[in-house]
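Trainee: What follows is a structure written as structure tokens; I'll ask about it next.
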Amino acid sequence: PLLIGANLLLAGLLLTLFTVDSPDRLWLLFAVLFLYGAAGVGPDAPESSLVASAVPAPLLGDFNGLRMTASEGMKLLPPLAGAGAYAAYGGHQPHRRGAESGDHDYGELEPGAAVAQDARNGQR
């Protein structure tokens, strides 16, 4: 019951990340990361004793190796998924100055060319 309760609590904690929708709520991300890390240490001892009682002694070494391989291997998937999501959907593109009002049309100018164009027009 302790392991099930702890994992359900962590799942509920992760669901609160869906409420982060602006920079003002970014503190919630760090709070969840802190609590998730702190709570992740608690179930280690009960989990180890549960494995030792459930797996036969001759297979315990192999099972622990497999468990650690799976645990460490799963640390590779989130960065790959994040890179894939960034590649698929891209990052936030900043607005160009004047783009919303239609005052300026810089097209495909080189970096810094918009500033030079504004300086020639007497704008800042």
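Okay, residues lined up against (1) in contact with a helix residue (DSSP H, G or I) (Cβ under 6 Å, 6 or more places away or on another chain); (2) at pLDDT 55 or above; (3) open to solvent by less than 70 Å² (accessible area, probe 1.4 Å):
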residue	(1), (2), (3)
Pro58	no, yes, no
Asn64	no, yes, yes
Ala70	no, yes, yes
Gly73	no, yes, yes
Ala88	no, yes, no
Gly98	no, no, yes
His104	no, no, yes
Ala114	no, no, yes
Asn121	no, yes, no
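Trainee: Give the number of residues within the range 8-37 that are surrounded by fewer than 13 Cβ atoms within 10 Å (Cβ to Cβ) and within 24 Å of Asn64 (Cβ to Cβ).
Mentor: The number of residues fulfilling the criteria is 1.
Trainee: Pull up the range 38-56, narrow it to residues that are in contact with a helix residue (DSSP H, G or I) (Cβ under 8 Å, 6 or more places away or on another chain) and in a loop (DSSP other than H, G, I, E, B), then point me to the one that is nearest to Arg67 (Cα to Cα).
Mentor: To start, the set of residues in the range 38-56 that are in contact with a helix residue (DSSP H, G or I) (Cβ under 8 Å, 6 or more places away or on another chain) comprises 39-40, 42-43, 46-47, 50-52, 55.
Filter once more, so that each one left must be in a loop (DSSP other than H, G, I, E, B): 42-43, 55.
Values: Gly42: 18, Pro43: 15, Val55: 12 Å.
Top of the filtered list is Val55.
Trainee: Still on this structure, I have one more. Filter the range 41-56 down to residues that are more than 16 Å from Ile4 (Cα to Cα) and loosely packed, with under 10 Cβ neighbours inside 10 Å and give me whichever is farthest from the chain's Cα centre (by Cα).
Mentor: Just the residues of the range 41-56 that are more than 16 Å from Ile4 (Cα to Cα), to begin with: 52-56.
From the residues that got through so far, the ones that are loosely packed, with under 10 Cβ neighbours inside 10 Å too are 53-54, 56.
Details: Ser53: 35, Ala54: 34, Pro56: 37 Å.
Per the criteria, the residue is Pro56.
Trainee: Which residue pairs have Cβ atoms under 9 Å apart, sit 6 or more places apart or on different chains, and have a first residue in the range 54-69 that is in contact (Cβ under 8 Å) with a residue 24 or more places away in the chain and a second that is open to solvent by 90 Å² or more (accessible area, probe 1.4 Å) and in a helix (DSSP H, G or I)?
Mentor: Correct list of pairs: empty, since none qualify.
The values are calculated or read from the model by the stated rules, or taken from the named source; none is laboratory data. Keep in mind the model is a prediction, meaning the values are calculated, not measured. Because the Cβ atoms are built from the backbone with ideal geometry, glycine has one as well, and the counts that use them run over all protein chains shown. For accessibility, only protein heavy atoms count, side chains too; no ligands or nucleic acids. Shrake-Rupley method; radii C 1.70, N 1.55, O 1.52, S 1.80 Å.
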